[in-house]
1. Would you mention how many residues in segment A:304-328 are over 19 Å from the mean Cα position of the chain (by Cα) and outside any loop (DSSP other than H, G, I, E, B)?
2. Considering each of A:GLU174, A:GLU167 in turn, give the residue that is within 12 Å of chain B (Cβ to nearest Cβ) and crowded, with 19+ Cβ neighbours inside 10 Å.
3. So, in segment A:210-269, how many residues would count as being polar (S, T, N, Q) and either under 15 Å from A:LEU302 (Cα atoms) or free of Cβ contacts under 8 Å to residues at least 12 places away in the same chain (or both)?
4. With respect to B:ALA172, is the statement that it is in contact (Cβ under 8 Å) with a residue 12 or more places away in the chain, surrounded by 21 or more Cβ atoms within 10 Å (Cβ to Cβ) and within 22 Å of B:ASN98 (Cβ to Cβ) true?
5. Going by the conditions given, is B:VAL242 buried (at least 18 other Cβ atoms within 10 Å of the Cβ), within 19 Å of the chain's Cα centre (by Cα) and modelled with pLDDT of 95 or more?
6. Within 30 Å of A:THR102 (Cβ to Cβ) and not in a helix (DSSP H, G or I): does that describe A:VAL254?
7. So, in segment A:269-298, of the ones that are within 24 Å of A:SER191 (Cα to Cα) and in contact with a helix residue (DSSP H, G or I) (Cβ under 6 Å, 6 or more places away or on another chain), which residue ends up surrounded by the most Cβ atoms within 10 Å (Cβ to Cβ)?
Amino acid sequence: MSKITRRAALAGVAGAGAASGLQPSASAQAAAPAAARQAAGFYRYKIGDYEITAINDGVRQDKLETSPYRNAKLEEVQAALEATFLPKNQMSIVFNQALVNTGSKLVLLDTGNGPGRGPTVGMLPANLAAAGVDPKTIDTIVISHFHGDHIGGLRTADGQLAFPNAEIKVPAREWAYWMDDGNMSRAPEGSNLANNHRNVRRIFAGLGDKVTKYEWGAEVGPGITAMDTNGHTPGHTSFVVASGPGKLIVQSDVTAHVALLFLRNPEWHAGGDMDGPQAVRTRRKLYDMVATDRILLAGYHLPFPAVGYIEKDGSSYRFVPAAWSPVL
Amino acid sequence: MTEFTRRAVVTGAAAVTAAAIAQPPISRPARAATPPVGKQAPSFYRHKVGDYELTQISDGARTIPMPEGFVRNVPREQALAAAEAAYMPKGQVTIPFNPVVVNTGLKLVLIDTGFPPGTSPTTGLFQANLAAAGIDAKAIDIVVLSHLHPDHINGVRTAEGGLAFPNAEIKAPAPDWAFWMSDENMSKAANDMMKGYFANTRKVLSDIAGKVTRYEWGQEVAPGITALDASGHTPGHTAFAVASGSARMLVQSDVTNIPELFLRNPDWHVAFDIDPNKAMATRRKFYDMAAAEKALIAGFHFAFPSLGHVEKDGAGYRLVPIAWKAVF
């Protein structure tokens, strides 16, 4: 009631002001301006004694005009988007890295898109800064596979190393595949495959002595073990992060693109899944395991903060985000 | 492999071979390990409803051993099993608290307040998160209370007892005000919990009663924000529809306490529901409507960012949390 009275009073003042040639006070009625900015994309959680920081590299928003999936029709993709409460005519592909502080090493798993790939991606450096992490303090970069959205962030806009003090660890099989001249020559000119071959060579040019190749089963950081999840690419790798009783699986691209859709439709083949049937087998094997054992999972292309649980739902799966903890 | 060797040398835990000693370390200069940050990211999240800019703000969350009688009409074991199935720590229940700020362009409106700073290590975080979101508490024009339980009203006060939002009009649902401010009702309080609530309401609001406007259901409590009868939880418990252009969001307040238990099992009675049967009827009506119109719902006790859609699932409902938008 008092509000209406106050407003009426203000209106009265304004009226009087106009009549007397005075301007009404704008500040009395102006609302606080919109912030028009999202919160910084980082989130912390603990696995045993390890401190994990989920970092967001941004989102690529593609108009949905044709199906991006080899074995799904446009209408099926649209229906799946709607069932997931996502906009029907847009694909939002999100990118999330995991930073692991083991107490002795600061280990970054994958590096995001890097510079020059659009205004809404390549946000890893800004979000690292927001999280108070100096790129120079990162000891180890572990790459899961060689797609551009995972390796692009190794370089800054001027071609320097984004993490100058870090050892870079890459899957041996991935290196062997993409660095093979025969494989490169067989990629059709102008294809994504050919472009990716070229991008891999650009990123890794001159880094020979900084790059260590790892095998599946090897420890790539303290308590961080590389796991064979090939299919998406020939050397595609997931990671088990273990500290005390805590365990996290960092799946990388076991589901890629709009990952939520592949949980609901695990048989679909994303454009980037180089061996579709093998990617499906890997997906089912990993998800059946984490669902049964209720293991926490971080997914590169799941919505930020991209950590949660997988549940079986008939022959498909459901992602249950871990409840955000407002304190660490 | 180099990792293991290096670690062994640094910690001295493993046998150091003569060869390792003989060879000087070839790695980059040793750096001290980066300490963990030990602090969560600010917990706020921005989104738009039509032209309105909304900020979901966490006041924190409380994880406690599930109290006896937390769910009145099912055995404790059954309630605990549901909590554990939802990945809560064994034997415990987590209850988050999330007020919402709506910037209508004309008014900056806060719906519910959380607790004052310092209430506990994991609650009373609202003011800090509000500041992190760049919102000045003095700029809030209207504080709308959904009902007069402590977690919704206590944050009207600062830790020292002053007014937390000194320039805001405070609006309370008329039926709740009448219920909690009635001496007759207070004298009939059936248990310590209810006695505590009556005392708390008076402690927080009595001496500022002149600043509190009472609103009725069906009224606009702020531009585009309509009060909806959602009684049962308390006699004046109110939900809100926030509408701008063709977009609409429902602010459910406490139509359910934590969704993991009471949205999945809408017939369960949380200890805090004053009229449990009416609360149950309200719940079903509200979610049937929300599911049918695929409405976005903000839930005070949903995990941050406390937004989602509801779908029917057998006799109950399922909350599908929103996908975080990295770019606003």
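1. Qualifying residue count for the region: 5.
2. Checking each option against the conditions leaves just A:GLU167.
3. 5
4. Numbers: in contact (Cβ under 8 Å) with a residue 12 or more places away in the chain: yes; surrounded by 21 or more Cβ atoms within 10 Å (Cβ to Cβ): yes; within 22 Å of B:ASN98 (Cβ to Cβ): yes.
When the stated conditions are applied, B:ALA172 passes them.
5. On the way: buried (at least 18 other Cβ atoms within 10 Å of the Cβ): yes; within 19 Å of the chain's Cα centre (by Cα): yes; modelled with pLDDT of 95 or more: yes.
When the stated conditions are applied, B:VAL242 passes them.
6. For A:VAL254, the condition - within 30 Å of A:THR102 (Cβ to Cβ) and not in a helix (DSSP H, G or I) - is met.
7. Of all residues in segment A:269-298, those within 24 Å of A:SER191 (Cα to Cα) come to A:269-280.
Applying the additional criterion that residues be in contact with a helix residue (DSSP H, G or I) (Cβ under 6 Å, 6 or more places away or on another chain) yields A:269, A:273.
Values: A:HIS269: 19, A:ASP273: 25.
This residue is A:ASP273.
Every residue, every condition in (1) in contact (Cβ under 8 Å) with a residue 40 or more places away in the chain; (2) over 19 Å from B:ILE153 (Cα atoms); (3) out of contact with any Ser or Thr (no Cβ under 7 Å at 6 or more places or on another chain); (4) assigned to a strand (DSSP E or B), yes or no:
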residue: B:ALA239; (1), (2), (3), (4): yes, no, no, yes
residue: B:MET249; (1), (2), (3), (4): yes, yes, yes, yes
residue: B:GLN252; (1), (2), (3), (4): yes, no, yes, yes
residue: B:THR256; (1), (2), (3), (4): yes, no, yes, no
residue: B:GLU260; (1), (2), (3), (4): yes, yes, yes, no
residue: B:ASN265; (1), (2), (3), (4): yes, yes, yes, no
residue: B:PHE272; (1), (2), (3), (4): yes, no, yes, no
residue: B:ALA281; (1), (2), (3), (4): yes, yes, yes, no
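The values are calculated or read from the model by the stated rules, or taken from the named source; none is laboratory data. Keep in mind that this is a model prediction, so the values were computed, not measured. Every residue, glycine among them, receives a Cβ derived from its backbone with ideal geometry; neighbour counts consider all protein chains shown.
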